[in-house]
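These notes concern the structure reproduced below.
The values are calculated or read from the model by the stated rules, or taken from the named source; none is laboratory data. These numbers come from a predicted model, not from an experiment. Here the Cβ is made from the backbone with ideal geometry for all residues, glycine too, and neighbour counts use every protein chain on show.
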Amino acid sequence: MGWCVKAMVQAYSTAGGLIMSKLILQTLLSDIPDLYETEGNTNPLCHVKLFTPDSNWTWYIIELSKADTNTCYGYVQGLESELGYFTLEELESIHGPLGLAIERDLSFKPTPFSQIKNS
């Protein structure tokens, strides 16, 4: 992480804890349902899109644990496409083949799961 990004993270952290991870801002947390909150919903909303800019992997967050703000449930598109659990900590440690870190799609708007699955 460059000095500019480190300074930005430090400024946000001291200004009210707006950053909970490198990928998800604290301000997004209230919009994402807690784990198991959408259980039984056959078409939940995907709230956040994370991706590797130098590969074909994408993670869509449907739920995020309010207890640890780390464990996610969502849809993963990679070698296979499947629903499952993953952690933000794990994603922050992954780099694609060119060494690029996972990023959040800033233009992504919450989208029904069925739309993403069928696209």
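S21 fulfils the conditions (1) of a type outside the set (D, E); (2) in a loop (DSSP other than H, G, I, E, B); (3) at pLDDT below 95; (4) exposed (fewer than 11 other Cβ atoms within 10 Å of the Cβ) except for a single criterion, (4).
Look through the range 26-36, keep the residues that are at pLDDT below 95 and assigned to a loop (DSSP other than H, G, I, E, B), and return whichever of them is farthest from F108 (Cα to Cα). Only one residue tops the list, namely S30. Of everything in the range 77-103, what is closer than 17 Å to K49 by Cβ and of a type in the set (G, A, S)? Give them in sequence order. Passing the criteria: G78, S81, G84, G96, A101. Screening I94 on (1) surrounded by fewer than 19 Cβ atoms within 10 Å (Cβ to Cβ); (2) of a type in the set (A, V, I, L, M); (3) touching an Asp or Glu at 6+ places or on another chain (Cβ under 8 Å) shows it passes everything except condition (3). What's the number of the condition T69 fails, among (1) touching a residue at least 40 places away in the same chain (Cβ under 8 Å); (2) closer than 18 Å to L28 by Cβ; (3) surrounded by fewer than 12 Cβ atoms within 10 Å (Cβ to Cβ)? Result: T69 fails condition (3) only. Within the range 95-111, residues that are free of Cβ contacts under 8 Å to residues at least 24 places away in the same chain reach no partner that is of a type in the set (K, R) and outside any loop (DSSP other than H, G, I, E, B) with beta carbons closer than 7 Å at six or more positions or on different chains. For Y36, the conditions (1) surrounded by 13 or more Cβ atoms within 10 Å (Cβ to Cβ); (2) more than 15 Å from I116 (Cβ to Cβ) are fulfilled apart from (1).
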